[in-house]
1. Taking the alpha-carbon set of the range 24-114, what are its Rg and Dmax in Å?
2. Kindly provide the helix-only [θ] at 222 nm of the chain, computed as the sum of -39,500 (n - 2.57) over DSSP H runs of four or more divided by all residues, to the nearest 500 deg cm²/dmol?
3. Sorting check: for 96-105, 32-41, which peptide has the highest mean count of neighbouring beta carbons within 10 Å, and how do the rest follow?
4. Which FRET efficiency, nearest 0.05, do Ser167 and Leu114 yield, Cβ-Cβ r, R0 41 Å?
5. If you count only protein heavy atoms with a 1.4 Å probe, what accessible area per residue comes out for the range 1-108, rounded to a whole Å²?
6. If I stretch the segment between Ala130 and Asn144 completely, what's the gain in nm (0.36 nm per residue apart, minus their alpha carbon distance), one decimal?
7. On the first, second and third principal axes, largest extent first, how far apart are the outermost C-alpha atoms of the chain in Å?
8. Under the 0.36 nm per residue contour assumption, what length would be gained going from the current alpha-carbon distance of Glu32 and Lys227 to full extension?
Amino acid sequence: YRTLGYSPEEIPENYESFYDRVFPEDKPMVRERVENVRRGDISDYLSEHRLIKKNGDVIWVRDRGRVVARDDAGHPTRILGSFADITEGRLAQMQLAGQRDTLEELVVIRTRELESAKEAAEAANLAKSAFLANMSHEIRTPLNAITGMAYLIQRGGLTRQQAEQLSKLQGAGEHLLEIINAILDLSKIEAGKFELEQQAVDIPRMLANVGTMVRQRARSEERRVGKECRSRW
């Protein structure tokens, strides 16, 4: 009586008066459990449901009951029980469940965002690899023509200086072709189609190519520094 805000005279001691104060949505569940006791299917009654107070407030209770009297046929005639107000704990549990659901929803959203970002990154990576492969082929074609023509010109009558210059041009072209092949290999690695192979390395030729590439630049830098020194003096 005190919990619901009634005086003893306001609530008759019968099942219907108890049932009238059960929250409407919980009534089917409560009636089913009570009927299980009345039919003798179970001897103890236990339920967590909502009750409506006299002032209209709704509380959660843990309700317990046991058959304490039966008629000659064994049918229950009296159930004695009690309930405890569990509103605070139930609200905290519901709040925690709501926070858990919110967190799970955020995790799902974040997972979808990461999947979308991953798909976009993979698509961009494939596009980059395709671009590198296409550009490598586009540059390789005219470069092969340049190195091929340099080789044919070398077979003609050239002065020593012309032959040396043409040899440098051909060496630089071949080195550039190796760089382009390395770029193409990079695109193969990203596409998962890269295959390793063993090749002999001609170190003297490699060093000669490096010297060819940097010699002219070094001479130009040497002349520039020499002019600066003479102008200072």
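The values are calculated or read from the model by the stated rules, or taken from the named source; none is laboratory data. Given the structure is predicted, the values throughout are model-derived calculations rather than measurements. In this analysis, Cβ positions are derived from the backbone assuming ideal geometry, glycine residues included, and neighbour counts consider all displayed protein chains. Ligands, DNA and RNA are excluded from the accessible area calculation, which covers all protein heavy atoms including side chains. Shrake-Rupley method; radii C 1.70, N 1.55, O 1.52, S 1.80 Å.
1. In order Rg, Dmax, the Cα atoms of the range 24-114 give 19.4, 70 Å.
2. On the way: 5 runs with 148 residues, N = 233.
Rounded to the nearest 500, the figure is -23000 deg cm²/dmol.
3. Values: 96-105: 10.0, 32-41: 13.7.
Peptide ranking by packing, descending: 32-41, 96-105.
4. Working: r = 55 Å, r/R0 = 1.34.
Computed FRET efficiency for Ser167 and Leu114 comes out at 0.15.
5. Numbers: 7530 Å² over 108 residues.
With all protein chains present, the range 1-108 gives 70 Å² per residue.
6. Values: separation 14, 0.36 × 14 = 5.04 nm, distance 2.11 nm.
Going from the current span to full extension adds 2.9 nm.
7. Computed over the chain, the largest-to-smallest principal extents equal 132, 54, 27 Å.
8. On the way: separation 195, 0.36 × 195 = 70.20 nm, distance 10.63 nm.
Once the chain is fully extended between Glu32 and Lys227, it gains 59.6 nm.
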